[in-house]
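Okay, so here's the structure we're looking at.
The values are calculated or read from the model by the stated rules, or taken from the named source; none is laboratory data. As the structure is a computational prediction, the values presented were derived from the model and not from experiment. All Cβ positions, glycine included, derive from the backbone under ideal geometry; neighbour counts span all protein chains shown.
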Amino acid sequence: MGRKLAFDETLALDKAMLLFWRQGYQDTSLQDLLKEMGILNGSFYHLFKDKKQLFLQAMEHYRTTIGQRRMHAFGQGNSFSESMRLFFSEIVQTAYNPAWSGGCLILNSINQACFKDPQIAQKVREAVSGMESFFAEQLQMAIEKGEAPQELDPHLTGQLLMTFLMGVMRKTSMRVNPDQLRKEIANFLICIGI
């Protein structure tokens, strides 16, 4: 019978996610991870195999925790316009929460080094594409309900919203004044008729 694990795997994954979010994939060493997660080499390799597999799990953990908070905020709106404002409000609130890092773990991972690894690059592309599709689907429903201008192309506007989201995330990483950022978001949504 094997030894019982002396730590909480979910907590260790949460700590790894936060470390990757703060430092990025390339700048996070195995020693950094072991220290942050409070585990030894053997446990690490048994549970996570290697740094890349842990990073992929951390990305999924981010999507199911932080990402779900954003989707929940979106779902609280009574209209597409209100939902988008609540979605972006949650992003700003999360980004400036001292417990978390600015920006987005997935979007912060978009760099040349990560794209050299086909598996990580694919996961990042899937995440970006998934958000674009989500925005497009929600916008199509809003157009059908008369909540958004008929002239908007849902697919292109979904991509535009994702591009804008990437910019917002980058600005949160730069620690831009959150009130100024909220004004920029509100103005952008007005500009595209949402």
Would you be able to say whether some residue in segment 58-70 is closer than 29 Å to GLU147 by Cα and hydrophobic (A, V, I, L, M, F, W, C)?
-> yes
Go through (1) without any contact (Cβ under 8 Å) to a residue 60 or more places away in the chain; (2) in a helix (DSSP H, G or I); (3) among the small types (Gly, Ala, Ser) one by one and return the number of the condition GLY193 breaks.
-> (2)
Going through segment 26-43 in order, the residues found to be in a helix (DSSP H, G or I) and either modelled with pLDDT of 90 or more or surrounded by 12 or more Cβ atoms within 10 Å (Cβ to Cβ) (or both) are LEU30, GLN31, ASP32, LEU33, LEU34, LYS35, GLU36, MET37, SER43
Exclusive hit being of a type in the set (Val, Ile, Thr) and at pLDDT 95 or above, set THR172, THR157 | THR157
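Okay, residues lined up against (1) of a type in the set (Lys, Arg); (2) farther than 24 Å from GLY167 by Cβ:
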{"position": "LEU30", "(1), (2)": "no, yes"}
{"position": "LEU40", "(1), (2)": "no, yes"}
{"position": "LYS51", "(1), (2)": "yes, yes"}
{"position": "ALA58", "(1), (2)": "no, no"}
{"position": "MET84", "(1), (2)": "no, no"}
{"position": "ALA95", "(1), (2)": "no, no"}
State the number of residues belonging to segment 149-174 that are surrounded by 11 or more Cβ atoms within 10 Å (Cβ to Cβ) and more than 22 Å from SER129 (Cα to Cα).
-> 1
Enumeration of residues in segment 117-147 that are charged (D, E, K, R), within 20 Å of ILE192 (Cα to Cα) and out of contact with any Pro (no Cβ under 8 Å at 6 or more places or on another chain) = GLU132, GLU144, LYS145, GLU147
